[in-house]
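Trainee: One structure coming up, written as structure tokens, with questions to follow.
Nothing in this text is a laboratory measurement; each read-out follows from the coordinates by a stated rule. Treat the numbers as computed from the prediction; the structure is a model and nothing was measured. As a convention, Cβ positions derive from the backbone with ideal geometry for all residues, glycine included, and neighbour counts pool all protein chains shown.
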Amino acid sequence: MGWSIHLHLVAAISWIGGSVFMFVLGVSLRDKEDQKLVYPRIGPIFGFFEIVVLTLLIGTGIWMIFENNMIHVLFNFDAHSQVIDALREKLFLVVIMTLITIVHTIIAFRTNGKERTKLETIVSRGSSMGIFIMNFIVLHYAIVLRDIL
């Protein structure tokens, strides 16, 4: 696997670590005025960082699938093994998490420094919590795959 697994791991650590940091920040900043001071400044920086990291995760993941000649097996739904099934489940969750991240990012950038509507607030907070939880589920599958291999 070479360099791709190392880059993938560093990107995963950055992605999950950033998610945990933002979760802790969100829980600890209860005061609306503090939130108005912090989020407009840190949000865009964090958002661009996370876009780069997610792109690296997806790119290195795809690279490793091709590098290990697994692309044909992944889309042959008659083929089953512990590794293939776990990888399919992980990739399905990554697709869902990526879609949730896109929705969250669009709302975050569009409303940065502005008052959000009730719907935008609900979707933003829900997607943020979804990303946070999905990170650990995807991490679980990564650990399962590593244990098998």
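Trainee: Tell me, PHE75, PHE21 in order of fewest to most beta-carbon neighbours within 10 Å?
Mentor: Values: PHE75 9, PHE21 12.
The fewest-first ordering by Cβ neighbours comes to PHE75, PHE21.
Trainee: Quick one: order THR105, THR55 by neighbouring beta-carbon count within 10 Å, fewest to most. Mind dumping the intermediate values first?
Mentor: Working: THR105 19, THR55 11.
By the 10 Å Cβ count, ascending, the order reads THR55, THR105.
Trainee: Give the cross-link partners of LYS32 among the lysines, using a straight C-alpha distance below 21 Å as the criterion and excluding same-chain residues fewer than 8 apart.
Mentor: Partners found: LYS114, LYS118.
Trainee: Below 15 angstrom from the Cβ of THR117, what's the summed charge of the other residues (Lys, Arg +1; Asp, Glu -1)? List each step's numbers first, then the result.
Mentor: Working: positive: ARG110, LYS114, ARG116, LYS118, ARG125; negative: GLU115, GLU120.
Summing Lys/Arg as +1 and Asp/Glu as -1 gives +3.
Trainee: Here's something else I'd like to know. Roughly how big is segment 30-100's charge dipole about its Cα centre, with Cβ charges of +1 (Lys, Arg) and -1 (Asp, Glu), in debye to the nearest 20? Walk me through the intermediate numbers first.
Mentor: Working: 6 positive and 8 negative charges, 53 e Å.
Dipole about the Cα centre, nearest 20: 260 debye.
Trainee: Which shape class applies to the chain: rounded if a/c is under 1.5, otherwise prolate when a/b exceeds b/c and oblate if not, where a ≥ b ≥ c are the square roots of the Cα gyration tensor eigenvalues?
Mentor: Judged from the Cα gyration tensor, the chain comes out prolate (a/c at least 1.5, a/b above b/c).
Trainee: Express the relative contact order of the chain as a whole percentage, based on alpha carbon pairs under 8 Å and six or more residues apart in sequence.
Mentor: Values: 85 pairs, mean separation 49.8, N = 149.
Relative contact order, the chain: 33 percent.
Trainee: Within a Cβ distance under 12 Å of ILE107, other residues only, what is the Lys/Arg minus Asp/Glu net charge? All intermediate terms of the calculation are to be shown ahead of the outcome.
Mentor: Numbers: positive: ARG110, LYS114, ARG116, ARG125; negative: GLU120.
So the environment of ILE107 carries a net charge of +3.
Trainee: Between beta-carbons, use under 14 Å as the cut-off and find the net charge around LEU37, counting Lys and Arg +1, Asp and Glu -1.
Mentor: Details: positive: ARG30, LYS32, LYS36, ARG41; negative: ASP31, GLU33, ASP34.
Every neighbour counted, the sum reads +1.
Trainee: What translational D, rounded to a whole number of µm²/s, comes out for segment 94-146 from Stokes-Einstein when the hydrodynamic radius is the Kirkwood one over Cα pairs, at 37 °C and 0.692 mPa s?
Mentor: Details: Rh = 11.9 Å.
Rounded to a whole number, D works out at 275 µm²/s.
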